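Chemist: Submitted below is the structure of interest, expressed as structure tokens.
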Amino acid sequence: MEPLALYIHWPFCLSKCPYCDFNSHVRECIPEARFRAALRRELAWEAERLGRRKLVSIFFGGGTPSLMAPDTVAALIEDARLLFDPVPDLEVTLEANPTSVEAGRLAGFRAAGVNRVSLGVQSLRAEALAFLGRQHSAAEAVAALELARKLFPRVSFDLIYARPEQSVADWCAELRQALALAADHLSLYQLTIEPGTAFEAPYRQGAFSLPDADAAAALYRATEEEAGRFGLLPYEVSNYARPGAESRHNLVYWRYGDYAGVGPGAHGRVTLADGLLATRRHRAPEPWVERVERHGHGTASEDALGPAERAREMLLMGLRLSEGVDTVRFAGRAGLPLAAAVDGDILAAAVAEGYLEHISARLRALPEGRLRLDALLPALVR
């Protein structure tokens, strides 16, 4: 049986960032006690059918989990430890924003059992923070990072680049400042305009533009070079870590392991007696909590995944990793050999161009291939 990662979704935010298409909601008043009870009940329901699986990680995502009270986090961690069999070095991550209010809760989260914090810094430039709709200042971000380093054994933070009119020199200077803050893990994302976000309309109307493909590629290459100078390696397309500091939780996703999703809109991939299921909870917080109160869970859909679907998902996730896809595990997990899941001609051409490497029992994207994954994967994967 696959070991298990647990994702717990807290859907509430103080405001909706204009680039964000995550399942997040702004509410004047959050009935935390009601949602805490519902999260605990849905977790217990999920654990009952999964059995006492080995638990390798817990991840509190959102939304803004740092808006939760530390005792809510503590109760959920304690439940998970009782319901599953946690590994001795269980990774427990909580996403937090670096506003002064939320940073003030960090000590409480550490006491609750969180041992890894991921801070949504996004930028260390005042004008960029304003453009991105963030609620914190650059000074608050630095202060929160310094506090997090004192409290937590492991610290990660996010930055967004490829912003309007951003040059390579500007980005390198900002990234060096961030890297000097000595986190062991960074998530560095290129700004993209997603449908339905507040940025979509002004972007389409020409209010601002993003770097073109060549400029974005130059920014990506500079990102890898600067991170490497500080000992952080690109273990995934957008994630950099010192060796051993990779996010174990996210590695479960990218290696196509089992993960249970609890909370509004949470997704999961869980193995039961009848195979691998794709699970999804109801997205809207209020209907979700009502369903949990009535039925014990807020499931919106649950679908069995056949070999072709498993193969496609495993390739789309695994080729984002620098380590690539283990083809022996692929065949066992997907139920198909690699040759049946990819276009052989496209694979051969991608290898010849230096985009992919297929050696022995591993298929992986090379640096130039990682730059082109968005175009390459739809053509490669059947």
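The values are calculated or read from the model by the stated rules, or taken from the named source; none is laboratory data. Just so it is clear, the model here is predicted, and its values are computed rather than measured. Note: ideal-geometry Cβ built from the backbone for every residue, glycine included; neighbour counts use all protein chains shown. Heads up: the accessible areas ignore ligands, DNA and RNA and are worked out on the full protein's heavy atoms, side chains in. Shrake-Rupley method; radii C 1.70, N 1.55, O 1.52, S 1.80 Å.
Chemist: For the condition within 25 Å of residue 117 (Cβ to Cβ), surrounded by fewer than 16 Cβ atoms within 10 Å (Cβ to Cβ) and not small (Gly, Ala, Ser), what is the one hit in 226, 146, 140?
Modeler: 146
Chemist: Here is a further query. Among the residues of segment 343-355, what is the count of those that are touching a residue at least 24 places away in the same chain (Cβ under 8 Å) and touching a strand residue (DSSP E or B) at 6+ places or on another chain (Cβ under 6 Å)?
Modeler: Looking only at that region, the number is 1.
Chemist: Scan segment 4-57 for residues that are hydrophobic (A, V, I, L, M, F, W, C), assigned to a strand (DSSP E or B), open to solvent by 10 Å² or more (accessible area, probe 1.4 Å) and closer than 18 Å to residue 283 by Cβ and jot them down.
Modeler: Passing the criteria: 13, 26.
Chemist: Going through segment 312-324 one residue at a time, which ones are open to solvent by 60 Å² or more (accessible area, probe 1.4 Å) and touching an Asp or Glu at 6+ places or on another chain (Cβ under 7 Å)?
Modeler: Passing the criteria: only 320.
Chemist: Every residue in segment 150-169 that is at negative phi and within 21 Å of the chain's Cα centre (by Cα), please.
Modeler: Hits for segment 150-169 are 152, 153, 154, 155, 156, 157, 158, 159, 160, 161, 163.
Chemist: For segment 251-271, how many residues meet the condition of being open to solvent by 40 Å² or more (accessible area, probe 1.4 Å) and either aliphatic (A, V, I, L, M) or over 15 Å from residue 318 (Cβ atoms) (or both)?
Modeler: Taking segment 251-271 as the starting set, the residues that turn out to be open to solvent by 40 Å² or more (accessible area, probe 1.4 Å) are 253, 255, 267.
Filter once more, keeping what is either aliphatic (A, V, I, L, M) or over 15 Å from residue 318 (Cβ atoms) (or both): 267.
Selection size over segment 251-271: 1.
Chemist: Something else now. Pick from segment 348-372 the residues that are at pLDDT below 95, assigned to a helix (DSSP H, G or I) and of a type outside the set (Lys, Arg): which of them is least open to solvent (accessible area, probe 1.4 Å)?
Modeler: Per the criteria, the residue is 369.
Chemist: Now for a different question. Could you please find all residues in segment 177-191 being surrounded by fewer than 16 Cβ atoms within 10 Å (Cβ to Cβ) and assigned to a helix (DSSP H, G or I)?
Modeler: Result: 177, single match.
Chemist: Still on this structure: So, in segment 325-347, how many residues would count as being surrounded by 14 or more Cβ atoms within 10 Å (Cβ to Cβ) and in a helix (DSSP H, G or I)?
Modeler: 11
Chemist: Within segment 197-223, how many residues turn out to be surrounded by 19 or more Cβ atoms within 10 Å (Cβ to Cβ) and part of a loop (DSSP other than H, G, I, E, B)?
Modeler: Number of matching residues: 2.
Chemist: Restricting segment 58-96 to residues that are among the charged types (D, E, K, R) and open to solvent by 10 Å² or more (accessible area, probe 1.4 Å), which is nearest to residue 140 (Cα to Cα)? Step through it out loud before you land on a result.
Modeler: Let us first name the residues in segment 58-96 that are among the charged types (D, E, K, R), namely 71, 78-79, 81, 85, 89, 91, 95.
Still in the running and open to solvent by 10 Å² or more (accessible area, probe 1.4 Å): 71, 78-79, 81, 85, 89, 95.
Working: 71: 24, 78: 31, 79: 33, 81: 33, 85: 38, 89: 31, 95: 16 Å.
Residue satisfying both the conditions and the ranking: 95.
Chemist: Another question about this same structure. Among all residue pairs at least 6 apart or on different chains, which show Cβ distances below 7 Å where the first residue, located in segment 126-138, is farther than 14 Å from residue 18 by Cβ and the second is surrounded by fewer than 19 Cβ atoms within 10 Å (Cβ to Cβ) and of a type outside the set (A, V, I, L, M)?
Modeler: Once the first residue is farther than 14 Å from residue 18 by Cβ and sits in segment 126-138, its partners that are surrounded by fewer than 19 Cβ atoms within 10 Å (Cβ to Cβ) and of a type outside the set (A, V, I, L, M) give 126/137; 138/125.
Chemist: Here is a further query. Just checking, which of 140, 194, 174, 226 is among the charged types (D, E, K, R) and part of a loop (DSSP other than H, G, I, E, B)?
Modeler: Testing whether each residue is among the charged types (D, E, K, R) and part of a loop (DSSP other than H, G, I, E, B) leaves just 194.
Chemist: Mind telling me which of the residues 176, 134, 125, 163 ends up being touching a strand residue (DSSP E or B) at 6+ places or on another chain (Cβ under 8 Å) and basic (Lys, Arg)?
Modeler: On the way: 176 fails: touching a strand residue (DSSP E or B) at 6+ places or on another chain (Cβ under 8 Å); 125 fails: touching a strand residue (DSSP E or B) at 6+ places or on another chain (Cβ under 8 Å); 163 fails: touching a strand residue (DSSP E or B) at 6+ places or on another chain (Cβ under 8 Å).
Selected residue: 134, the only one of 176, 134, 125, 163 that is touching a strand residue (DSSP E or B) at 6+ places or on another chain (Cβ under 8 Å) and basic (Lys, Arg).
Chemist: Can I ask one more? Could you look through segment 294-305, keep only residues that are more than 20 Å from residue 83 (Cα to Cα) and touching a residue at least 24 places away in the same chain (Cβ under 8 Å), and pick out the one that is least open to solvent (accessible area, probe 1.4 Å)?
Modeler: Here the answer is 305.
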